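To keep things clear, I will list the structure first and then write my remarks on it.
The values are calculated or read from the model by the stated rules, or taken from the named source; none is laboratory data. In this text the structure is predicted, and so the values were computed from the model without any measurement. Glycine gets a Cβ as well: all are built from the backbone with ideal geometry, and neighbour counts include every protein chain shown.
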């Protein structure tokens, strides 16, 4: 009897005793047994610490604006697993996922796959069956040993490199950068979206023989009063509208997405040069991603963001500085492997009051509110706060305590964002 999607996902959590097991041998062998078809005619992989989901959305929107058939693979999901695999703008339906999982199960035999590896193989399988012009694949963890890296992409994008997942990737930006560089290929473009990348990333890209294009050197953003300019060292200039996505960092994400498309020239170009300016403008203007400084309305205004590390918190701080307003009430929850003190310090006194939400009911990795309090008091001894058992309680208290004209910023984890969006 066939399993339902929910049953398949529960089953996958027990196939491999390790929830994370980096390495390509197992997943590559299963994909070989499935025939290893190309997932699309043109493939881009998007890695980095922050900005991956937004860059994927920008690439998808630009490609679709040019009339291309596009598949996107992202993780984690917010509300439904189906969000992870998208074809032509539509989430994969339950039956398509179940059918793919059955094919993977038949092929894997004795090989133990992780939950993420099942999903990655399902994305590649469904994309290969959809006759796509382009596949946009978000890297899950790191790059070199992430399951996505069984695919040889035409272009690799590394958005940013910062301190996150240090138990797996290393304790400094150089080490993490070297891991993220592993998605690049010899002789193929590698787009670096950060203006000051670590030397470890650049050294590893050079050793791989990638054709590196760097933000600030090979392509640049020039902000104007209305709109912005993307400029390449080869003389290409695009005049573009402001991104639909709100944070100032989205200009860098959009620029990296354009650079990836611009770097693919010749017969394999996903968008011909003559169409790229129009497609880029349409994509920048239309691309949206849930829970990236998403304004949910109301008074006090409610804003939700998945930002969960210090670099993301600095981007939130930059947005708050660019949009001054009433007092900010934070609804904050975090996972145990995150730099909570770094996140709190990055936002600092921009937060008027903290509502600390425990996540231990949502995931074994979730921190209780008491652990957040300890970090808050170390980073900001004078901060005012309340403790809550979960996000729903924290959000209710924030709404009750905030005055008209003030703002509620809910952030810190995908679990926080999901709870707020479901509220």
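Results, tabulated for the structure shown:
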{"quantity": "Matching residues in the stretch 245-268 - criterion: being free of Cβ contacts under 8 Å to residues at least 40 places away in the same chain and over 16 Å from the mean Cα position of the chain (by Cα)", "calculated": "265, 266, 267"}
{"quantity": "Test result for residue 48, at positive phi, assigned by TED's automatic domain parsing to the domain that holds residue 161 and surrounded by fewer than 23 Cβ atoms within 10 Å (Cβ to Cβ)", "calculated": "no"}
{"quantity": "Given (1) in contact with a strand residue (DSSP E or B) (Cβ under 9 Å, 6 or more places away or on another chain); (2) surrounded by fewer than 18 Cβ atoms within 10 Å (Cβ to Cβ); (3) closer than 23 Å to residue 54 by Cα, index of the condition residue 336 fails", "calculated": "(3)"}
{"quantity": "Residue in the stretch 28-45 that is over 19 Å from residue 129 (Cβ atoms) and part of a helix (DSSP H, G or I) present", "calculated": "yes"}
{"quantity": "Pick from the stretch 282-297, criterion outside any strand (DSSP E or B) and without any contact (Cβ under 8 Å) to a residue 60 or more places away in the chain, ranking: surrounded by the most Cβ atoms within 10 Å (Cβ to Cβ)", "calculated": "293"}
{"quantity": "Test: residue in the stretch 15-28 that is crowded, with 23+ Cβ neighbours inside 10 Å and either at pLDDT below 95 or touching a helix residue (DSSP H, G or I) at 6+ places or on another chain (Cβ under 9 Å) (or both)", "calculated": "yes"}
{"quantity": "Candidate set: the stretch 140-178, residues that are buried (at least 19 other Cβ atoms within 10 Å of the Cβ), touching a residue at least 60 places away in the same chain (Cβ under 8 Å) and assigned to a helix (DSSP H, G or I); chosen: the one nearest to the chain's Cα centre (by Cα)", "calculated": "148"}
